[in-house]
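Some notes on the structure that comes next.
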Amino acid sequence: MGVALLTGTGRLGTGRLGTDRLGTDRLGTDRLGTDRLGTDRLGTVLARPKAAGARLIAVIDRPRQATGVLLVGAVTGFPPLLAASVYFGRTPMRPAVFAATCLLGRTIRFVTIALAPQLAGY
């Protein structure tokens, strides 16, 4: 014995407004984002950014490019130095290069902040 739900229109139905008797919406997708053929539209939409992210991580895992990204993060704050430090801790970057890059980047940042009023004319 099945239980039917009462929809907001006062008719017996599936319990979801705007769906047909198969439980799909007007676009042919169910609640999980799969269409009637079983393909995942969200997966195809996110495939390109996932591939770009994988290529970016492959580039950042090289020590020379990681040093540049770490220096930019130490000077500008983007990406945050703490997050970059945690991520770059797993790369094959030598600890002396890591420490020197962080020290150089932070020195540039704080000297620029200290000299900013004089450079602006105050």
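Quick notes on this structure:
- Residues located in region 77-111, provided they are assigned to a helix (DSSP H, G or I), among the polar types (S, T, N, Q) and at pLDDT below 95: 85
- Residue in region 36-58 that is among the polar types (S, T, N, Q) and at pLDDT below 90 present: yes
- Residue check: residue 66 meets all listed conditions (1) under 19 Å from the mean Cα position of the chain (by Cα); (2) modelled with pLDDT of 90 or more; (3) open to solvent by 60 Å² or more (accessible area, probe 1.4 Å) but one, namely (3).
- Every residue from region 101-119 that is open to solvent by less than 80 Å² (accessible area, probe 1.4 Å), under 13 Å from residue 72 (Cα atoms) and not β-branched (Val, Ile, Thr): 102, 105, 106, 109
- Close pairs (8 angstrom Cβ cut-off, 6 or more residues apart or separate chains): touching a residue at least 24 places away in the same chain (Cβ under 8 Å) and on the phi > 0 side of the Ramachandran plot in region 105-122, acidic (Asp, Glu) and open to solvent by 70 Å² or more (accessible area, probe 1.4 Å) anywhere: none
The values are calculated or read from the model by the stated rules, or taken from the named source; none is laboratory data. All values derive from a computational prediction rather than experimental measurement. Note that we place each Cβ from the backbone using ideal geometry, even for glycine, and neighbour counts take in every protein chain shown. Note: accessible area is taken over every heavy atom of the protein model, side chains too, but ligands, DNA and RNA are not part of it. Shrake-Rupley method; radii C 1.70, N 1.55, O 1.52, S 1.80 Å.
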